[in-house]
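Read through the structure below, which is laid out as structure tokens, and then see the notes.
The values are calculated or read from the model by the stated rules, or taken from the named source; none is laboratory data. These numbers come from a predicted model, not from an experiment. Cβ sites come from the backbone with ideal geometry, for glycine too, and all protein chains shown count toward neighbours. Protein only, heavy atoms only, side chains kept; ligands, DNA and RNA dropped before computing areas. Shrake-Rupley method; radii C 1.70, N 1.55, O 1.52, S 1.80 Å.
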Amino acid sequence: MTQDSMKAVVYHGPGNKSLDTVPMPKVQKPTDAVVKIVKTTICGTDLHILKGDVPAVTEGRILGHEGVGIIESVGDAVSNFKPGDRVLISCITSCGKCEYCKQQMYSHCEDGGWILGHLIDGTQAEYVRIPHADNSLYPIPAGSDEEALVMLSDILPTGHEIGVLYGAVKPGDTVAIVGAGPVGMGALLTAQFYSPAKIIMVDLDDGRLEMAKTFGATDLINSGSGDTVAQIMAHTKDGVDVAIEAVGIPHTFDICQKVVRPGGHIANVGVHGTKVDLQIQDLWIKNITLTTGLVNTNTTPMLLKTVTSGKLQPERLISHRFSFDDFMGAYEVFGNASRENAMKVIINND
Ligand SMILES: [Zn+2]
Ligand SMILES: [Zn+2]
């Protein structure tokens, strides 16, 4: 490595970030790899961090937990990868050895979990250090659409595992997805593996709802147009089998608990910053299941196969593309997603 500095998006406290010149990351432990970022993106979670909602993120932290890249260097204990290999970076770092990892609950790895762009420097940089590289990176098959694979770092496995699998979507089900942002769309795309009869998409943004229709939503409800609960119920006999909450505010959680039918599931995917009122006086008798979670990424290898085969086409979520030098422009667009008709943005470093 000849270079000793690089560009990266650095968090400088609530409301402040900048594209700075910082030192290059280096292999620190034998299980580390340093990856040259080829493509990265911005997540709604990064916007939460920038609002100050995630106080564990300290000033000086490089943001980002998604991307694809090329292995630059590896520690002595890394056996699955070598310099030059093209890799998908998982938003979840996992050692593969601890009690949680043994249960495939990588999100709670005792030496990992969601740490990238959170507790350690992240992927919105020209290079990133990835701990436990053997377990936290995935090889990219030759000829893959690497933009599409960026959607596999976080949003697709999150929508699939925490929305669809925890919600137990089954053939013939009626599913409501509340929130048509990138993760809601990830749930919409992957719910269709399990052949639900109806997928009702709920959002405030007509542009997002129209996009959801092209992705397979059967019914669209603009939650700004009257009584959303009544509108969802009108599409069902006695409520939905699965309500997927993909926003993270009390109002949308409340919609989910009001539309779930007896025996149904509420799968919370949204990142909540405040408490909600659980209507236990109504729900106790309804035999429902309520789930929460942080993505484990244990289904990433399966999703990778569905994307490389063309069965799943997550590249359709990409609305804007930027050069690395214009990273702040990408934040401007993604941070005003409704005004800009933005879904996922790609930042290229090739
Ligand atoms: Zn994310
Ligand atoms: Zn672990």
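Quick look at the values:
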read-out: Length-normalised contact order for the chain - Cα pairs under 8 Å, 6+ apart - percent; value: 16
read-out: 27 Å Cα-Cα threshold exceeded, pairs from Lys237/Lys344; Lys51/Lys311; Lys198/Lys305; Lys198/Lys344; Lys213/Lys237; Lys17/Lys213; value: Lys237/Lys344; Lys51/Lys311; Lys17/Lys213
read-out: ³J(HN,Hα), Karplus 6.51/-1.76/1.60, whole Hz, each residue of segment 92-98, x for Gly, Pro; value: 10, 8, 9, 7, x, 10, 7
read-out: Antiparallel DSSP beta bridges within the chain, as percent of all bridges there, nearest 5; value: 50
read-out: Residue-by-residue Karplus 3J(HN,Hα) for segment 80-90, coefficients 6.51, -1.76, 1.60, Hz, glycine and proline x; value: 8, 9, 9, x, x, 5, 8, 9, 8, 9, 7
read-out: Cα-projected label distance for Asp53 with Asp325, points at 7 Å along beta-carbon direction, nm; value: 3.3
read-out: Cα gyration tensor category, rounded, prolate or oblate, for the chain with a/c compared to 1.5; value: prolate
read-out: 19 Å cut-off, amide nitrogen to a point 7 angstrom out along Asn287 Cα→Cβ, residues in segment 167-181; value: 167-175
read-out: Sites Ile249 and Asp76 - FRET efficiency at Förster radius 35 Å, r taken between beta-carbons, to 0.05; value: 0.15
read-out: Amide hydrogen neighbours beyond the local backbone of Val38, cut-off 5 Å, H modeled; value: Val68, Gly69, Ile70
read-out: Dipole magnitude (debye, nearest 20) for segment 209-350, charges at Cβ of Lys, Arg, Asp, Glu; value: 420
read-out: Solvent-accessible area of Tyr106 with every protein chain in place, 1.4 Å probe, in Å² to the nearest 10; value: 40
read-out: Mean Cβ count within 10 Å, highest first, over the residues of peptides 113-124, 141-152; value: 113-124, 141-152
read-out: Total formal charge among the other residues, if their Cβ is under 9 angstrom from that of Cys95, Lys/Arg +1 and Asp/Glu -1; value: -1
read-out: Candidate lysines for bridging to Lys29, where Cα separation is under 24 Å - those fewer than 8 sequence places away on the same chain excluded; value: Lys7, Lys82, Lys97, Lys102
read-out: For segment 1-106: rounded, prolate or oblate by the Cα gyration tensor [a/c cutoff 1.5]; value: oblate
read-out: Net length gained if the chain between His235 and Lys213 were fully extended (0.36 nm per residue, minus Cα distance); value: 6.3 nm
read-out: 3J(HN,Hα) from dihedral phi, segment 105-111, Karplus parametrisation 6.51/-1.76/1.60, rounded to Hz, x for glycine, proline; value: 9, 5, 4, 10, 3, 5, 10
